[in-house]
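The values are calculated or read from the model by the stated rules, or taken from the named source; none is laboratory data. This one's a predicted model, so the numbers in the text were calculated from it and none came from an experiment. Cβ placement follows ideal geometry from the backbone for every residue including glycine, while neighbour counts extend to all protein chains displayed. Note: accessible area is taken over every heavy atom of the protein model, side chains too, but ligands, DNA and RNA are not part of it. Shrake-Rupley method; radii C 1.70, N 1.55, O 1.52, S 1.80 Å.
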Amino acid sequence: MRDACLDLFLGSGCTVCGRPGRLLCATCEDSLPTRAAVRWPTPRPPGLATPYAVGEYDGALKALVNAHKERRQFALADPLGRLLAVAVSAAVVDTGRSEVLMVPIPSRRATVRARGHDPMLRIARAAASGLRRYGVGARVGSLLRPTRVARDQAGLAADERAVNLAGSLHCPPGRAERMARTRSDILLVVVDDVITTGSTAREGQRALEQTGWSVGAVVAVAATRRTQS
């Protein structure tokens, strides 16, 4: 009945299957992954922290990520946050830490204005809220800033992406450096929606490590399947 009313008044439908009603129907939500795994990109960027994701960037995961990011389907932040929380939990278990600081890869200001929101920040906050309900000391720190506009990544090989992104992110000194010195017990993870080549996450990791942080993991909702070229 609720889904029928949503379709009547809002004209909405499930992002995955198209069923009239809410943006993610109960059937499709129940079919989402409940476990995460280590998913290394191929080729692997040198020095990349261990990457976790709940599944491949395909099917339902791809539809949810794109609808939230590009079509401003804000209600999808909660299910995407739950998926990200599953991946963060895997990193927490593997490292034995009880507290985690999630640092999202930032969007450019122009992109945020165009989209009307910062998708990764919204998802990270939803994930942190869910983790806290299960006793994990999770919070989000917006410690990274874009320093320049990288060119479009579409069509670039892994090594070209790495060169394109080099120096594109910055972690302002001060608060980040003080936190790194005083809270070495925190598991710091770089979070993104999708791991493709790992170049973006590796650039965020580099910027954070320059301020003294030790990045414990890279965490994403999904990861693309790549083969060595």
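Counting every C-alpha pair in segment 11-58, the share spaced more than 18 angstrom apart comes to 50%. Taken over the C-alpha atoms, segment 7-97 has Rg and Dmax values of 15.3, 52 angstrom.
Going by amide H atoms built from the backbone, whose H comes under 5 Å of the H on Glu56, apart from near neighbours? Residues meeting the amide H criterion: Ala223. On the beta carbon distance between Asp94 and Ser142, with R0 = 25 Å, the FRET formula returns roughly 0.50. Would you grab the residues whose amide H sits under 5 Å from the one on Val191? Only those 5+ places off in sequence or on another chain, please, with H modelled 1.01 Å from N. Those qualifying (amide H under 5 Å, at least 5 residues apart or on another chain) are Val103, Ile105, Val219.
Amide H to amide H distances under 5 Å link Thr50 with Val218, where only residues 5 or more positions off or on other chains count and H is placed in the peptide plane.
Residues His68, His170, sorted by accessible area with the largest first, give His170, His68 [1.4 Å probe; ligands and nucleic acids excluded].
A cut-off under 10 angstrom between Cβ atoms defines the neighbours of Leu80, and their net charge, with Lys, Arg +1 and Asp, Glu -1, is +1.
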